[in-house]
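See below for the structure under consideration.
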Amino acid sequence: MNATAATLNQQESGTFRRLLLQWYQQHQRKLPWRGQSDPYHILVSEIMLQQTRVAVVEDRYKKFLAQFPTVERLARAREQTVLAAWSGLGYYRRVRNLHAAAKEVTKNGGFPRTAEALRELPGIGRYRANAVASIAFGEPVAVVDGNVKRVLQRFTGRALTEEQYWQAAAALLAQESPGDFNQAMMELGATVCVPGNPLCMVCPVIELCALRGPLEKASRQTRRKATLHYALIRKKGSIRLQQRAKEHSLMPGMWELPEIESVESNATPLLRLRHSITTTDYTVFVHAAEKASAGRWVPLRSVSRLPLTGLTSKILRSLRNA
Ligand code: ADE
């Protein structure tokens with residue numbers, strides 16, 4: 001089973017990609033390997049990052065590449081020199097493999113350009129092959145590491161099997177910018193969707209997340225109840241939608257039905273549903289309305305082209321199925 005495909009429709013997956021990539025462009029940490037497309041530099045960074053904290057890697061990465069600036073230079077170096085350059089980073093088998101891979105790449109006249117071919121090199125498994133192939137060569141292959149697993153686990157609301165993580169990451173992958181997407185997923189896990197208490201208030205994809213909170217959702221956590229009212233205003237084949245403020249901390253710039261205060265108590269709503277965000281359980285009412293409020297008319301057939309909030313998608317889906 002493809003766990004993410006089961007929870008997200010095509011439009012939601014598209015929204016997820018767009019929001020994540022937008023967030024990554026604005027909020028990614030400035031790290032020395034960012035913006036690189038040299039497969040050798042990327043391989044060195046990914047091997048170091050798999051075992052060591054980013055702050056340490058930043059410094060060691062620059063030093064290692066100052067000493068061995070090209071894959072050919074690394075290939076020519078003596079093993080003892082390479083091991084000495086790795087000193088303190090541990091996991092020496094990794095650097096021995098890196099050295100062996102450099103020799104093979106040099107002998108073959110260059111890096112293989114696909115994940116499948118990269119996996120033939122010593123010490124390069126699925127994660128490293130996919131990281132290099134996507135970041136250096138733009139091949140649409142997903143990566144899964146501990147950070148990506150945590151993001152996917154919270155996002156789908158369940159623990160997945162190893163293979164399901166890979167499938168879920170592949171289903172979400174932005175085909176046209178796989179390198180940025182993969183790095184954005186890892187970056188989200190490293191800086192926002194962190195272990196323990198995630199920073200959901202600044203998460204770009206909170207609205208699409210199943211869990212919206214720590215993995216071990218505390219049962220003693222006090223949950224709030226609240227009510228939301230929205231207006232469904234129709235004219236011919238269009239509905240009225242409005243855009244959330246760009247500076248809103250939650251779902252900025254996304255589109256939703258116009259929110260209204262409440263309605264007279266005897267009015268029958270078109271729809272009533274439940275929706276939870278972080279620690280609040282909302283009861284949501286959608287009312288038919290006539291008067292056009294702020295926002296704009298959107299033909300129903302082009303609604304799916306707008307980045308809708310998760311709740312709005314859910315409402316429109318429920319109304320379609322009603
Ligand atoms: N962790 C490992 N590789 C990474 C990358 N390229 N970007 C962010 N976090 C990472």
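The values are calculated or read from the model by the stated rules, or taken from the named source; none is laboratory data. From a predicted model like this one, the values you see are computed outputs, not experimental measurements. Note that we place each Cβ from the backbone using ideal geometry, even for glycine, and neighbour counts take in every protein chain shown. Quick note on the areas: whole protein, heavy atoms, side chains included, nothing else; ligands and nucleic acids left out. Shrake-Rupley method; radii C 1.70, N 1.55, O 1.52, S 1.80 Å.
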Quiz item: Which distance in Å, rounded to a whole number, links the C-alpha centroids of the stretch 169-195 and the stretch 282-318?
Solution: 28 Å
Quiz item: Which far-off residues, 5 or more places away or on another chain, put their amide H under 5 Å from the one on SER276, with H placed in the peptide plane?
Solution: TYR282
Quiz item: Nearest 10 degrees, 0 to 90: what angle lies between the long axis of helix 54-67 and the longest principal axis of the chain (Cα atoms)?
Solution: 40 degrees
Quiz item: Assigning unit charges at the beta carbon (Lys, Arg +1; Asp, Glu -1) and nothing else, what dipole magnitude in debye, to the nearest 20, does the chain show about its Cα centre?
Solution: 340 debye
Quiz prompt | Extension gain (nm, one decimal) between ARG244 and GLN26, 0.36 nm per residue minus Cα-Cα | solution = 76.6 nm
Self-check item: the chain - accessible surface per residue (Å², probe 1.4 Å)
Solution: 50 Å²
Quiz item: Taking the Cα atoms only, what angle lies between the long axis of helix 126-137 and the longest principal axis of the chain, rounded to 10 degrees?
Solution: 80 degrees
Practice problem: Just the Kirkwood number for the chain, please: inverse of mean 1/r across all distinct Cα pairs, in Å, one decimal. | Solution: 22.1 Å
Quiz prompt | VAL205, VAL56, ranked by accessible area, largest first (probe 1.4 Å) | solution = VAL56, VAL205
Self-check item: Mean ellipticity per residue at 222 nm, deg cm²/dmol - from DSSP H runs of n ≥ 4 across the chain, formula -39500 (n - 2.57)
Solution: -13500 deg cm²/dmol
Quiz item: Just for the chain, what percent of DSSP beta bridges are antiparallel, to the closest 5?
Solution: 60 percent
Quiz prompt | Enclosed volume per residue, in Å³, of the convex hull spanned by Cα atoms of the stretch 1-123 | solution = 145 Å³
Practice problem: Could I have the simple spin-label model distance between GLN67 and ARG18, label points 7 Å from Cα toward Cβ, reported in nm to one decimal? | Solution: 4.8 nm
Quiz item: Taking a 32 Å limit on the Cα-Cα distance, which of the listed pairs LYS107/LYS149; LYS63/LYS246; LYS225/LYS246; LYS62/LYS246; LYS149/LYS225; LYS30/LYS314 fall beyond it?
Solution: LYS107/LYS149; LYS63/LYS246; LYS62/LYS246; LYS30/LYS314
Quiz item: If one takes the longest principal axis of the Cα atoms in the chain, at what angle in degrees, from 0 to 90 and to the nearest 10, does the Cα axis of helix 39-49 lie?
Solution: 80 degrees
Self-check item: Rel. contact order, % - alpha carbon contacts under 8 angstrom, at least six apart, the chain
Solution: 16 percent
Quiz item: In whole percent, what relative contact order does the stretch 224-321 give with Cα contacts below 8 Å and a gap of six or more residues?
Solution: 37 percent
Quiz item: So what's the stretch 224-321 giving for Cα Rg divided by 2.2 N^0.38 Å, two decimals?
Solution: 1.04
